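Before any comments, here is the structure.
Where a number appears in this text, it was derived from the coordinates with a stated rule and is not lab data. All values reported here derive from a predicted model rather than from experimental measurement. Because the Cβ atoms are built from the backbone with ideal geometry, glycine has one as well, and the counts that use them run over all protein chains shown.
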Amino acid sequence: MLKKRLIPCLFLKNGHLVRSEKFSYHQLLGDPIAQVERINSWSADELIYIDISNDDYYDLRRDDKKTKSMGNIYDIIERVSKTCFIPLTFGGNIKTIEDIKERLRRGADKVVINTIAFENTDFIGESAKVFGRQCIVVGIDVKINSKKEYEVYVGHGKISTGLHPVVWAREVEKRGAGEIFLNSIDRDGTAKGYDITLIKMIVDSVSIPVIACGGVGIFEHFIDGIKEGGVSAVSAGNIFNFTENSIIQAKKTLKNAGIDIRPIIKLVNHG
């Protein structure tokens with residue numbers, strides 16, 4: 001059996017690292033490079049960056065040599081990839097095959113596609129054919145709608161699709177997705193724990209790996225996601241932004257719970 005993965009997920013808005021809450025409130029945290037340097041030394045298994053910008057304007061509003069040259073998402077990916085020594089996934093605002101190609105050329109190992117997958121379901125298979133299925137992660141953002149039912153939303157969680165997440169998860173798997181990045185809009189930034197009902201529903205409906213995100217407030221929530229939800233990987237954002245050595249602590253918590261997690265290896269940047 002494959003070891004479970006622990007994956008920090010960082011959100012970017014117009015070049016800045018932000019804390020997200022229910023996909024609507026975004027607290028500015030700083031530049032994306034300093035955080036990746038910390039995560040890189042904390043023994044994370046992978047790293048996901050999601051660009052939630054609504055436009056192409058990127059301004060880090062800083063004059064130091066480390067960040068002033070990063071004027072677009074590609075500059076950010078390139079700088080992050082030079083600092084990151086673990087598998088790197090970038091998502092957000094991907095619309096074309098060329099968008100994926102450029103992200104990979106700049107240093108990403110995988111991409112997360114979301115809205116474009118809904119708007120053009122053929123894009124999933126087309127991109128998997130070009131870059132390999134293992135490279136294509138489909139993001140599924142879910143919210144409980146006014147009918148008290150789970151529903152998939154796109155467009156940074158603002159656009160209703162009318163799709164039940166199980167139906168959509170099965171479709172993206174059939175179309176060629178290599179993994180699913182499942183995020184609960186209702187739990188995002190709340191620290192209340194994963195929506196285990198939602199997670200288990202998706203895990204039980206597909207055979208490809210599912211990464212769970214949304215709601216982690218304590219390290220024990222990662223245990224719930226794996227043991228109760230059955231996911232291949234657990235992800236979170238805020239707990240890694242605000243807790244020093246959080247990945248190391250989280251891995252120790254998982255290991256003490258009897259979960260087969262990849263070992264803690266302290267990485268050192270020799271550059």
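A few remarks follow.
- P(r) weight above 25 Å for region 135-271, C-alpha pairs, percent: 29
- Each residue of region 98-112 was assigned a 3J(HN,Hα) from its phi angle through the Karplus expression (A = 6.51, B = -1.76, C = 1.60, θ = phi - 60°), giving 5, 4, 5, 4, 5, 5, 5, 5, 7, x, 6, 9, 9, 10, 9 Hz with x at Gly and Pro.
- Most simply put, region 5-256 has about 30% antiparallel DSSP beta bridges, counting only bridges with both residues inside it.
- Placed amide H near GLY15: partners under 5 Å, 5+ positions off or other chain: none
- Ordered by the count of other Cβ atoms within 10 Å of each Cβ, fewest first, ASP260, ASP195 give ASP260, ASP195.
- nm² value of the averaged projected area, convex hull over the Cα atoms of region 152-233: 5.1
- Percent of alpha-carbon pairs separated by more than 27 Å within the chain: 33
- Loop-located GluC sites (Glu not before Pro) in region 175-271 (DSSP state other than H, G, I, E, B) with a sparse environment of at most 11 neighbouring Cβ atoms within 10 Å: GLU244.
- Using a simple spin-label model with pseudo-atoms 7 Å out from Cα toward Cβ, LYS174 and GLU220 lie 4.1 nm apart.
- The chain - percent relative contact order, Cα under 8 Å, separation 6 or more: 20
- Extension reserve of the GLU119-ASP186 stretch, reckoned as 0.36 nm per residue once the Cα distance is removed: 21.8 nm
- Subtracting the Cα-Cα distance of LYS3 and PHE85 from their residue separation scaled by 0.36 nm leaves 27.6 nm.
- With 19 Å as the limit on Cα-Cα distance, the pairs of LYS22/LYS143; LYS4/LYS192; LYS3/LYS227; LYS200/LYS251; LYS110/LYS158; LYS3/LYS252 that go past it are LYS4/LYS192; LYS200/LYS251; LYS110/LYS158.
- Label point distance in nm, ASN145-LYS227, each placed 7 Å from Cα along Cα→Cβ: 3.5
- Backbone N within region 118-137 under 15 Å of label point (7 Å from LYS101 Cα along the Cβ vector): 126-132
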